[in-house]
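The values are calculated or read from the model by the stated rules, or taken from the named source; none is laboratory data. Since we're looking at a predicted model, the values are computed, not measured. Cβ: placed from backbone, ideal geometry, glycine included. Neighbour counts: every protein chain shown.
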Amino acid sequence: MLAPGDRVLVAVSGGPDSVALLHVLLDLREALGLELHVFHLNHMMRGKASERDALFVKKLADELGLPCTIRSFDVPAYIEERGLSPQEGAREVRYMLLDEVAEEVGASKIALGHQADDQVETFIMRILRGAGMEGLGGIPPARGKYIRPLIEVGREEIEAYCRGKGIEFRVDASNLNLSYLRNRVRHRLIPAFQEYSPAFKENVLKTIEVLVADQAFLEEVTEEEFARIAVTEEKLVKLARSTLLKMPLAIQRRVIREGIRLVKGDLTGIEFKHIETVSDYVASGKGKLQIDLPHGLVVFSEYGTIIVAQKEKLKSPAIGGIPLDIPGTTEVRELGVRFTADLGSARDFRPSEGKEVAYLDADELKAPLKVRTRLPGDSFRPLGMKGSRKLQDFFVDEKVPRRERDRVPILETNGQIVWVVRYRIDDRFKVTEKTRKVLKLRVENLRKGTR
């Protein structure tokens, strides 16, 4: 959890848990050679009380001779703007600013004051909302930069530690507000369970321990299965439906969950009910439906593939017509491709260079040759056909996914389609025995850093 020489950003709210955490780390500082930096977020949710919390933390850091960063953020406005609950909004802002400040101060670890009672409360809350094993596994002691050194210590023990050492702390009056679910769980539900089982908290913690061990094994299996089945792109994951259906349900759900995590970046706001909805969708085979998930995620099916994506990824650019440099190189950044054009004689013709290359009869082309995206009513005469074909019907025949059709580059000359890039040239522009001059076109994807 901690390594010698770590620079630790300590999140201190002013309450007993975080203040105790700070003192524990101070006790370890010399032995481990730690560098400590205090961070406090003023959520601006409790008026003057929030300001007093910030002053308390600043005074505490000064007394201990520690550097301190205080950030104020209008969390109520953030919550209203995004339609979040107070807890969700505060959590998002807190982690966003912790990451930001950790980067600024060069912290290798971020220490949080979560403790054992938080584990029990979170476990119950997730049961009430509906959660799978992953969620019921509780708050991890460490994940990435984030560490929770007090996660196995109970609230009573922490408060006794503070009293024994004469450590002052702030009391957050909102912790008694029963309009918040966590507070109702803490003050009403857990005491009720303890009437039936005095060791209720200890039993929950043991259950979490078992679930974490089982989950670790299942995660290994999931990692292997996901690597075998998934095709990943930026903000998009493809999963073969037929393979998903063959998986045990426990693994299938986890593979889906991992796909969502990769696309979203985390699993905040994603609950078991969302995973289950996608799993039911996979089983149903209703390919024309689309599932909307929180935070702008969407799940849909195309030609036997389940796709998880950010909606913004599916927005397609409309390209009106970019002239190609002939000979030369032309980048079309909106579509993420580069064209290279070369002129040569008929003897340079190589018919089997693959879908990235097209050879055209240059004498049949009317300058300029332009790149665009598809338009309503587009048609062309696919190579080898005598009659014309609507581009829409051609895409269906070729099983081009709907989301990709608006991103397929179309080359045209004088209003006529010349090449549906990577699919088919128009038969009227093919190289024949009468061809004297050949235009060779090559398309390649731009590297991500180029876009």
Inset, instruction - Kindly list the number of the only condition in (1) over 27 Å from VAL153 (Cα atoms); (2) out of contact with any strand residue (DSSP E or B) (no Cβ under 6 Å at 6 or more places or on another chain); (3) outside any helix (DSSP H, G or I); (4) not polar (S, T, N, Q) that fails for GLU223. - result: (3)
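Name the one entry in GLU92, GLU81, GLU121 that is out of contact with any helix residue (DSSP H, G or I) (no Cβ under 8 Å at 6 or more places or on another chain) and either on the phi > 0 side of the Ramachandran plot or assigned to a helix (DSSP H, G or I) (or both).
Testing whether each residue is out of contact with any helix residue (DSSP H, G or I) (no Cβ under 8 Å at 6 or more places or on another chain) and either on the phi > 0 side of the Ramachandran plot or assigned to a helix (DSSP H, G or I) (or both) leaves just GLU81.
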Inset, instruction - Taking ILE417 as the residue in question, decide whether it is surrounded by 12 or more Cβ atoms within 10 Å (Cβ to Cβ), assigned to a loop (DSSP other than H, G, I, E, B) and either touching a helix residue (DSSP H, G or I) at 6+ places or on another chain (Cβ under 9 Å) or without any contact (Cβ under 8 Å) to a residue 40 or more places away in the chain (or both). - result: no
Inset, instruction - For SER379, indicate whether it is in contact (Cβ under 8 Å) with a residue 24 or more places away in the chain and surrounded by fewer than 12 Cβ atoms within 10 Å (Cβ to Cβ). - result: no
Legend entry - segment 267-277: number of residues that are touching a residue at least 24 places away in the same chain (Cβ under 8 Å) and buried (at least 18 other Cβ atoms within 10 Å of the Cβ): 3
Legend entry - Within segment 128-154, considering residues that are in a loop (DSSP other than H, G, I, E, B) and loosely packed, with under 15 Cβ neighbours inside 10 Å, the one nearest to the chain's Cα centre (by Cα): GLY144
Legend entry - Scan of segment 155-186 for residues that are outside any loop (DSSP other than H, G, I, E, B) and among the acidic types (Asp, Glu), ordered by number: GLU156, GLU157, GLU159
Legend entry - Verdict on VAL38 being in a strand (DSSP E or B), β-branched (Val, Ile, Thr), in contact (Cβ under 8 Å) with a residue 40 or more places away in the chain and crowded, with 19+ Cβ neighbours inside 10 Å: no
Inset, instruction - Tell me, yes or no, whether segment 191-208 has at least one residue that is on the phi < 0 side of the Ramachandran plot and under 27 Å from the mean Cα position of the chain (by Cα). - result: yes
Inset, instruction - Being in contact (Cβ under 8 Å) with a residue 12 or more places away in the chain and polar (S, T, N, Q) is the filter; apply it to segment 68-110 and report the residue that is nearest to HIS295 (Cα to Cα). - result: GLN87
Inset, instruction - Identify, by number, the condition in (1) in contact with a Lys or Arg (Cβ under 6 Å, 6 or more places away or on another chain); (2) modelled with pLDDT of 90 or more that LEU360 doesn't meet. - result: (1)
Inset, instruction - Could you please find all residues in segment 378-397 being assigned to a loop (DSSP other than H, G, I, E, B), touching a Lys or Arg at 6+ places or on another chain (Cβ under 8 Å) and more than 24 Å from SER345 (Cα to Cα)? - result: ASP378, ARG381, GLY387, SER388
Inset, instruction - Give ARG182, ARG170 a once-over and let me know the one that is touching a helix residue (DSSP H, G or I) at 6+ places or on another chain (Cβ under 7 Å), assigned by TED's automatic domain parsing to the domain that holds ALA49, closer than 30 Å to LEU64 by Cα and at pLDDT below 95. - result: ARG170
